Amino acid sequence: MQTDKAVSVSKLSRHFGKFIAVDEISFEVDKGEIFGFLGANGAGKTTAIKMLCGLLKPTSGEATVAGFSINSDTSKIKKNIGYMSQKFSLYDDLTVKENIEFYGGIYGLSREKISDKTDQLISELNLDKMKNSLTRSLPLGWKQRLALSTSLLHDPSIIFLDEPTGGVDPISRRNFWRIIYEIASRGKTVFVTTHYMDEAEYCNRVSIMHKGKIIELGTPTGLKQKYNKTTMQDIFISIIGQN
Amino acid sequence: MRQIFYLVQKEFRQIFRDFSMVRILFVVPLIQIFILGNAITTDVKNIKIVFQDQDKTPYSREFISRFVHSEYFKIIGFEENYNRLSSYLDSGKASLAIVIPRHFQRDIVLKDKPDIQLLVDGVDGNSAGVSLGYITDIVQKYQERLIESSPDLSLQVKNVRRVETEPRFWFNPNLESKLYIVPGIIALILLIITLFLTSMGIVREKEIGTLEQLMVTPIRSYQLVIGKIIPFSILGMLEIMISMGFVYLIFGIGVKGSLPLLLFESSLFIISTLGLGIFISTISDTQQQALFIAWFFMIFSILLSGFFIPIANMPPVIQHITRLNPLRYYIVILREIYLKGTSFKDLIPETLAMATFGLCLFFAAVMRFRKKLG
Ligand SMILES: Nc1ncnc2c1ncn2[C@@H]1O[C@H](COP(=O)(O)OP(=O)(O)OP(=O)(O)O)[C@@H](O)[C@H]1O
Ligand SMILES: [Mg+2]
């Protein structure tokens, strides 16, 4: 299996009892790419991401992430990836600063590095006034940006974002995508799932998942030509409608 | 190692972030010790007693007067009609009726065997047993006096007859139940606090998704477990000291034995409650579930500990089951150290049993936890 790809997936499946949540998916993601993972509710996006992050064992198939096998090398994978789950997963009852300090510590950063990073993140996110407030008091959009920043504390080469913009207003979403672009420009690979078709337009390539299978994969421009549509929204509807 | 430090620091920050935790730590033991210590009592005092004196002689009056002077009894009256005695017991006006038959004095003087009749309200078997014990004691003393004052017995016989049972409860001289129960309450508090905090603490992270977030970091599951155990063990130890402080302030009962030994034994006990807490966290997905299951286990370990129901009174099968219960040993150990000042040497069997089951439980739970996290 090639290791110059950021992610390389081959016939990966996950069953829950008789139910097949992910059904023999195969694809590759280049380094530095923004890869969109689209699909309706229950398509199997989260299940696939969890397998790639080492949170869930595959039923069959193989995948490498940052060159390491998800079947045998999950601890090495964990050092090289960031993950932002569909659920908000910072501690609500810790302050902004304490959250950053905690995750920095868990990732094994030195004390000075933690305090440098904290200052840097807080000024980048404009959270100066809020740094000693409880995280629960932040608006949702800010929480999500903070979660993104903490998942980048250890400078991973690949970052998995599972619906990072669920439930926030368009302006916050736009700001969030600005950060995603900035991350990609630093050479990091971004693997992102979303429900919002306008966000799909921002990706370098997208895959569309339906009932556990990847039924379409390509660049947004390429797909628009193939289906002769002007928006990703229309493409999505016509593909899902066919199936 | 540093990861563990950050986990522990985070845990303490969360615990003391809001005041409710501090309240739980202090108010729970205070209330439990105060209420349970006063309410659960096996002392039997002021047993209400009704007499029927059919003899009405100096001897019978002398016998009755011995009840007047006992703090355990309260004479509520004399009833002439034998048939009406039972109504006293039925209505609860008295829990004990004593009938002194006619010829009581004559039988004593003539060296016949005098009988007295006792009617005891047996609904509360425990109290009934205790009051019978008191009566036996009084009767025995009365008899001794008769023997001593009897003119026609040689000194030799008198001395032989002196062999008597005089119960002397060494470490709890007046058989005060508080003394007996309070160490048990401390054990319960420790069980409750550590069991609930551990299981809820882990499940909470599962619920809000931070556990999953931690699992994508390079942290190892053993570090995660240690990071949870350290804060809750410290809280448990703190809780023990707070409880002992309250016990001393409220009841004036202090620890007779070695405090370090007591803390050592407590830490062995905590291993089992933390293990159980971790186990519960692996079988529940929400805090409600964890609470419910922890409650279930708590009730079982209390019922099977001998705290409320003496183990000797249980069916043999159940008695064997109690041997698997670390709380059973811990309550005994705590009582021994608290009341007698028993040394470690004499507590080795209990300590070994408690530690063995505690460690088995703990390692089984941790294995399961690690497997669950994948
Ligand atoms: N632990 C599990 N046990 C059983 N079924 C599961 C489990 N996890 C997920 N599923 C099922 O697998 C299917 C795919 O779920 P998944 O969360 O991967 O979908 P998704 O594409 O992320 O959906 P959404 O957009 O709602 O987040 C769903 O039908 C879900 O019910
Ligand atoms: Mg999902």
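Annotations
- The residues listed here are A:TYR107, A:TYR91; of these, the one that is without any contact (Cβ under 8 Å) to a residue 60 or more places away in the chain and in contact with a helix residue (DSSP H, G or I) (Cβ under 8 Å, 6 or more places away or on another chain) is A:TYR91.
- Checking A:SER60 against (1) more than 10 Å from chain B (Cβ to nearest Cβ); (2) farther than 19 Å from A:ARG14 by Cα, the condition it does not meet: (2)
- Residue pairs meeting the criteria (Cβ under 6 Å; at least 6 apart or on separate chains; first of a type in the set (Phe, Trp, Tyr), in segment A:156-178; second more than 16 Å from ligand 1 (Cβ to nearest atom) and assigned to a loop (DSSP other than H, G, I, E, B)): A:TRP177/A:TYR202
- All helices (runs of 4 or more DSSP H) inside segment B:26-134 with 3 or more residues being surrounded by fewer than 16 Cβ atoms within 10 Å (Cβ to Cβ): B:58-68, B:85-91
- Scope segment B:356-373; condition crowded, with 19+ Cβ neighbours inside 10 Å and among the aliphatic types (A, V, I, L, M); matching residues: B:LEU361, B:ALA365, B:VAL366
- Selected residue (criterion: farthest from the other protein chains (Cβ to nearest Cβ)) from residues of segment B:195-206 that are buried (at least 18 other Cβ atoms within 10 Å of the Cβ) and not β-branched (Val, Ile, Thr): B:LEU195
- Residues located in segment A:13-33, provided they are away from ligand 2 (no atom under 16 Å from the Cβ) and buried (at least 22 other Cβ atoms within 10 Å of the Cβ): A:VAL29
- Residues in segment A:36-45 that are near ligand 2 (Cβ under 8 Å from one of its atoms) and over 15 Å from A:ASP23 (Cβ atoms): A:ASN41 only.
- Top-ranked residue of segment A:51-67 - restricted to ones that are within 16 Å of ligand 2 (Cβ to nearest atom) and under 19 Å from A:LYS18 (Cα atoms), ranked as surrounded by the most Cβ atoms within 10 Å (Cβ to Cβ): A:MET51
- Hits in segment A:192-217 (condition: away from ligand 1 (no atom under 13 Å from the Cβ) and within 15 Å of A:ILE34 (Cα to Cα)): A:MET197, A:ASP198, A:GLU199, A:ALA200, A:GLU201, A:TYR202, A:CYS203, A:ASN204, A:ARG205, A:VAL206, A:LEU217
Conditions (1) charged (D, E, K, R); (2) within 14 Å of chain B (Cβ to nearest Cβ), marked per residue:
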position: A:THR47; (1), (2): no, yes
position: A:LEU56; (1), (2): no, yes
position: A:PHE68; (1), (2): no, yes
position: A:ASN71; (1), (2): no, yes
position: A:ASP93; (1), (2): yes, yes
position: A:MET130; (1), (2): no, no
position: A:SER149; (1), (2): no, yes
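- Counting only helices (runs of 4 or more DSSP H) that fall entirely inside segment A:82-200 and contain at least 3 residues that are on the phi < 0 side of the Ramachandran plot and modelled with pLDDT of 90 or more, the qualifying elements are A:96-106, A:111-124, A:140-150, A:170-185.
- Considering residues of segment A:155-167 that are within 16 Å of ligand 1 (Cβ to nearest atom) and not hydroxyl-bearing (Ser, Thr, Tyr) only, the residue surrounded by the fewest Cβ atoms within 10 Å (Cβ to Cβ): A:GLY167
- Among the candidates A:THR189, A:THR219, A:THR193, residue that is in contact (Cβ under 8 Å) with a residue 12 or more places away in the chain and surrounded by fewer than 16 Cβ atoms within 10 Å (Cβ to Cβ): A:THR219
- When A:LEU38 is tested against (1) outside any loop (DSSP other than H, G, I, E, B); (2) within 13 Å of another protein chain (Cβ to nearest Cβ), only condition (2) is not met.
The values are calculated or read from the model by the stated rules, or taken from the named source; none is laboratory data. Being a predicted model, the structure only gives us computed values, none of them experimental. Note that we place each Cβ from the backbone using ideal geometry, even for glycine, and neighbour counts take in every protein chain shown.
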